[in-house]
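K.L.:
Here's a structure for you.
The values are calculated or read from the model by the stated rules, or taken from the named source; none is laboratory data. What you are looking at is a predicted structure, and each value in this text was computed from that prediction instead of being measured. All Cβ positions, glycine included, derive from the backbone under ideal geometry; neighbour counts span all protein chains shown. Protein only, heavy atoms only, side chains kept; ligands, DNA and RNA dropped before computing areas. Shrake-Rupley method; radii C 1.70, N 1.55, O 1.52, S 1.80 Å.
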Amino acid sequence: PISNHQGDGGGNLVVLYRDLRQKSHVLTLALHGAGGAISAPGPRRSRIDAGSGLLLLVPPLRSSVAAAASSSAGPTQTSATYLPSTPNAPPKILPMQETLLLSAASIPTLDSSDIRYLLGDDTGRLLVLALLRNSGGITSLTLDYLGSVTTPTGLTYLDDGLVFVGSQFGDSQLIQI
């Protein structure tokens, strides 16, 4: 994802990758100007769960941040990880049942105290990941189970609680949450 909240052609480029030792990382690069030059201070890197496979762009509090929703195979606990944009700030980690997250959509909220995402997994479970915040930043993460749908490969929040569930594995659905 690329975020641009300054309106100056700048923003952040966030990359999820696996190194030669099979460790997963999120790399954040600051982009500046209309040409998108990478900033000189260097990239910010965070190590995350080995099976991470889904990045969610989190709206800025004071600067851009990113969250990675993880899905791990094997004995490692699956988790959702919030990576603050502030250097040296600790991540927030929410353990969750082992799953393979396939799709996500941002859910607009009227209440500015939290940020919500709709998540869909390989078994058709529909979940809501909430990042609870106050003026100082993200304070905690919560995860709620909403129900089951056709295995979603795409989620789109339309309006007034209507969600389009796109699926390559069955019929697509239009649901009310």
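K.L.:
For region 15-45, give me each residue that is touching a Ser or Thr at 6+ places or on another chain (Cβ under 8 Å), assigned to a strand (DSSP E or B) and modelled with pLDDT under 75.
P.N.:
Passing the criteria: Thr28, Leu29, Ala30, Leu31, His32, Arg44, Arg45.
K.L.:
Sticking with this structure for a sec: Starting from region 99-111, take each residue that is free of Cβ contacts under 8 Å to residues at least 24 places away in the same chain and list its partners that are open to solvent by 20 Å² or more (accessible area, probe 1.4 Å), counting only C-beta distances under 6 angstrom and pairs at least six apart or across chains.
P.N.:
These pairs meet every condition: Thr109/Arg116.
K.L.:
If Arg116 passes every condition in (1) open to solvent by 60 Å² or more (accessible area, probe 1.4 Å); (2) over 17 Å from the mean Cα position of the chain (by Cα); (3) not polar (S, T, N, Q) but one, which one does it miss?
P.N.:
(2)
K.L.:
For region 95-113: of the residues being of a type in the set (Val, Ile, Thr) and open to solvent by 20 Å² or more (accessible area, probe 1.4 Å), which is nearest to Phe164 (Cα to Cα)?
P.N.:
If we take residues in region 95-113 being of a type in the set (Val, Ile, Thr) and open to solvent by 20 Å² or more (accessible area, probe 1.4 Å), then Ile107 is nearest to Phe164 (Cα to Cα).
K.L.:
I need the full set of residues from region 119-132 which are surrounded by fewer than 18 Cβ atoms within 10 Å (Cβ to Cβ) and part of a strand (DSSP E or B), in order please.
P.N.:
Correct list: Val128, Leu132.
K.L.:
Still on this structure: Show the residue pairs meeting these rules: Cβ distance below 9 Å; 6+ apart or different chains; first residue within region 161-177 and more than 14 Å from Val128 (Cβ to Cβ); second residue aromatic (Phe, Trp, Tyr).
P.N.:
Once the first residue is more than 14 Å from Val128 (Cβ to Cβ) and sits in region 161-177, its partners that are aromatic (Phe, Trp, Tyr) give Phe164/Tyr157; Ser172/Phe164; Gln173/Phe164; Leu174/Phe164.
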